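Coordinate-derived values only; no laboratory data. Bear in mind that the values here come from a model prediction, so they are computed numbers and not experimental data. Cβ placement follows ideal geometry from the backbone for every residue including glycine, while neighbour counts extend to all protein chains displayed.
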Amino acid sequence: MSAVEFVDYFPSMIARMGDEGFIGELCSGFRLLMDVEKGLITFESLKRNCVLLGLYDMGDDELLWMLMEGDLDGDGALSQMEFCILMFRLSPGIMDGSKQLWMEDVDHRRVNDHQMYVGFQ
């Protein structure tokens, strides 16, 4: 089994399309992969549609791993929310950017908390 290598284009897509445009693209990707009758990405729908993603050599075990990695409620399939969460988790660029924003927010709160504390003395 060979490992599938993904190039993380998400940060550049967000920069180009904006947050809402990017979320819209993720939702379109979900609809492309989902089982229309169930409204979920199932093993069968993923296997049937992975060619659309250019993933010609994906084995069943790799497809199952992808489903298990994102399946938060244990139903064996991905809802739209689970799919979006998985895509964000698999993007190091997005996660690094989120971590940076979170750290800036924490630092900003510390400064504000300190200013409030000093103001009450």
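Across region 80-91, computed HN-Hα scalar couplings (Karplus, 6.51 cos²θ - 1.76 cosθ + 1.60, θ = phi - 60°) run 4, 5, 4, 4, 5, 4, 4, 4, 5, 5, 7, 9 Hz from first to last residue, x flagging Gly and Pro. For region 10-90, the relative contact order is 26 percent, taking Cα pairs closer than 8 Å that sit 6 or more residues apart in sequence and dividing their mean separation by the residue count. Any chance you could check the Cα centroid distance between region 49-85 and region 17-47 for me, in angstrom? First find each Cα centre; the distance between them is then 11 Å.
Within the set of other residues whose C-beta is less than 14 Å from the C-beta of Ile41, count the net charge using Lys and Arg as +1 and Asp and Glu as -1. Here the count lands on -4.
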